[in-house]
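Heads up, the thing below is written out as structure tokens.
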Amino acid sequence: MAALLLASCSNDSDEDRGTRVTFEVRASAPWFTEVPHSAVTRAWAPPTGYYTYEAINSQFEGHQSMQNTSIETFFTKNSNTPQQGTFFYDKRSSSWKLTMDIKETGNYYLYGFMPKDEAASASVAPNSTYGNGAVMTLRGLSTVTPADICFVIGAKEGLSNDDDNGLTSGKFMVNTQATNGNNHNYIFLMFDHLYAAMRLRYTIDANYEALRTVKVRKLELKALPDDDGMAVKAKQNAVITLEANNTSTSPVVGDIEFTPDNTSADAELEPLYEGEVALSTSVPINFMGSFIPSSTAYFKVRTTYDVYDKKGTLLREGSEAENTIALRDLFEMSNVERGHMYSITFKVQPTYYYVLSGYDLNTPTMEIE
């Protein structure tokens with residue numbers, strides 16, 4: 001996930017701007033616990049157990065990998081107010097660019113999350129001994145979202161675009177250097193998943209596929225009330241306590257604190273995918289939705305689809321199928337955990353195999369296998 005980063009021009013005067021520092025960033029996150037990952041050719045190999053952000057997200061149909069993606073960062077130094085800036089991905093140049101200049105060279109401790117636009121606001125409060133860690137607060141997060149929200153658990157300046165200089169989790173210090181000629185700073189980042197993920201796999205009955213083509217046009221997911229019957233809020237807040245260490249272990253202290261944003265409305269259906277993709281028997285189509293693991297274990301999935309005959313004639317447009325998922329019951333577990341992916345397969349088939357009437361052929365069901 002490599003690309004040259006050029007710091008944005010500032011409106012400050014040359015006197016106020018200080019020494020200009022430019023960066024290049026590498027970002028990585030652990031693979032979801034329950035999904036195998038195939039080898040990916042790359043110049044830079046992330047630390048063991050981590051994969052480039054593109055490689056993770058490319059597994060999912062309709063997940064907009066590297067689009068509208070940005071990394072919100074906080075550079076902390078001594079008792080100074082954290083310098084807040086954004087790495088955004090420029091598809092035209094296939095590079096990450098920082099939206100600010102760092103005004104002083106030296107050692108900083110870097111915290112952050114991605115994608116930036118998933119949080120209504122964010123802040124970082126460093127420890128009084130600022131190198132020991134910080135508390136990051138994210139406000140206005142969607143309870144259900146198509147985005148894979150991640151937060152920084154390790155940062156290190158690189159020696160080159162292929163040398164991460166010993167990047168490990170639990171370390172947040174980066175050293176910024178003045179830019180001279182073609183020399184650039186490189187920042188390597190490690191992320192962890194803030195949410196749990198639900199992989200929705202769609203396939204189609206072989207006998208039915210021989211007669212009809214089904215194209216998924218829209219997929220929506222909604223968090224439903226839990227056993228206590230309390231409505232699920234559409235937005236949540238998260239408080240993440242991070243403690244720097246030299247042990248290469250997770251810097252997260254205790255559990256991440258999620259609380260409902262009571263100023264938000266009740267949760268509604270959130271779109272995970274909009275487009276057009278034909279289902280097949282041989283290769284399941286994968287979609288992904290992320291959700292705050294402590295919010296609920298019950299969901300509604302709404303699938304909007306079109307049905308065609310094998311000549312390509314549209315027979316039914318905009319049909320909808322709804323399924324309710326009791327996540328804990330399906331996986332026989334007591335807790336839903338962040339960083340875990342829960343895979344659910346739907347098979348599209350006619351309602352009555354032995355009738356196969358016109359209506360039955362044109363209005364299939366979506367059943368959880």
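Cβ-Cβ distances below 8 Å connect the following pairs, each with a first residue in the stretch 294-310 that is on the phi < 0 side of the Ramachandran plot and open to solvent by 40 Å² or more (accessible area, probe 1.4 Å), a second residue that is assigned to a strand (DSSP E or B) and among the small types (Gly, Ala, Ser), and a separation of six or more residues or different chains: Tyr298/Ala223; Tyr298/Ala326; Arg302/Ala321.
What tally of residues in the stretch 97-124 results from selecting those that are in contact with a helix residue (DSSP H, G or I) (Cβ under 9 Å, 6 or more places away or on another chain) and either among the β-branched types (Val, Ile, Thr) or modelled with pLDDT of 90 or more (or both)? Give the derivation first.
Of the stretch 97-124, the ones in contact with a helix residue (DSSP H, G or I) (Cβ under 9 Å, 6 or more places away or on another chain) are 101, 103, 107, 109, 114, 122.
Imposing the further condition that a residue be either among the β-branched types (Val, Ile, Thr) or modelled with pLDDT of 90 or more (or both) reduces the set to 107, 109, 114, 122.
Residues that pass the stated criteria total 4.
Scan the stretch 284-306 for residues that are of a type in the set (A, V, I, L, M) and more than 13 Å from Ser343 (Cα to Cα) and report the count. Steps first, answer last, please.
First pass over the stretch 284-306, keeping only residues of a type in the set (A, V, I, L, M): 285, 288, 292, 297, 301.
Pick out the ones that are also more than 13 Å from Ser343 (Cα to Cα) and you get 292, 297, 301.
Residues in the stretch 284-306 being of a type in the set (A, V, I, L, M) and more than 13 Å from Ser343 (Cα to Cα): 3 in total.
Residue check: Asp226 meets all listed conditions (1) open to solvent by less than 50 Å² (accessible area, probe 1.4 Å); (2) not in a loop (DSSP other than H, G, I, E, B) but one, namely (2).
A quick yes/no check of all residues on (1) modelled with pLDDT of 75 or more; (2) open to solvent by less than 50 Å² (accessible area, probe 1.4 Å); (3) out of contact with any Leu (no Cβ under 9 Å at 6 or more places or on another chain); (4) not in a helix (DSSP H, G or I):
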| position | (1), (2), (3), (4) |
| --- | --- |
| Glu24 | no, yes, no, yes |
| Thr33 | no, no, yes, yes |
| Ala45 | yes, no, yes, yes |
| Thr48 | yes, no, yes, yes |
| Ser65 | no, yes, yes, yes |
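Gln236 meets all of the listed conditions (1) surrounded by fewer than 20 Cβ atoms within 10 Å (Cβ to Cβ); (2) part of a strand (DSSP E or B) but one, namely (1). Any idea which of (1) more than 30 Å from Tyr273 (Cα to Cα); (2) within 23 Å of the chain's Cα centre (by Cα) is the one Leu159 doesn't satisfy? For Leu159, the exception is condition (2). What is the residue count in the stretch 73-96 for residues that are at pLDDT 90 or above and part of a loop (DSSP other than H, G, I, E, B)? The total comes to 2.
Considering each of Ser290, Ser264 in turn, give the residue that is within 29 Å of Asn323 (Cβ to Cβ), in a loop (DSSP other than H, G, I, E, B), among the polar types (S, T, N, Q) and touching a strand residue (DSSP E or B) at 6+ places or on another chain (Cβ under 6 Å). Criteria check complete, one pass: Ser264.
Scanning the stretch 311-350 for residues being assigned to a loop (DSSP other than H, G, I, E, B), open to solvent by 70 Å² or more (accessible area, probe 1.4 Å) and touching a strand residue (DSSP E or B) at 6+ places or on another chain (Cβ under 8 Å) gives a total of 1.
The values are calculated or read from the model by the stated rules, or taken from the named source; none is laboratory data. Treat the numbers as computed from the prediction; the structure is a model and nothing was measured. As a convention, Cβ positions derive from the backbone with ideal geometry for all residues, glycine included, and neighbour counts pool all protein chains shown. Ligands, DNA and RNA are stripped out before the accessible areas are found, and what is left, the full protein with its side chains, is counted by its heavy atoms. Shrake-Rupley method; radii C 1.70, N 1.55, O 1.52, S 1.80 Å.
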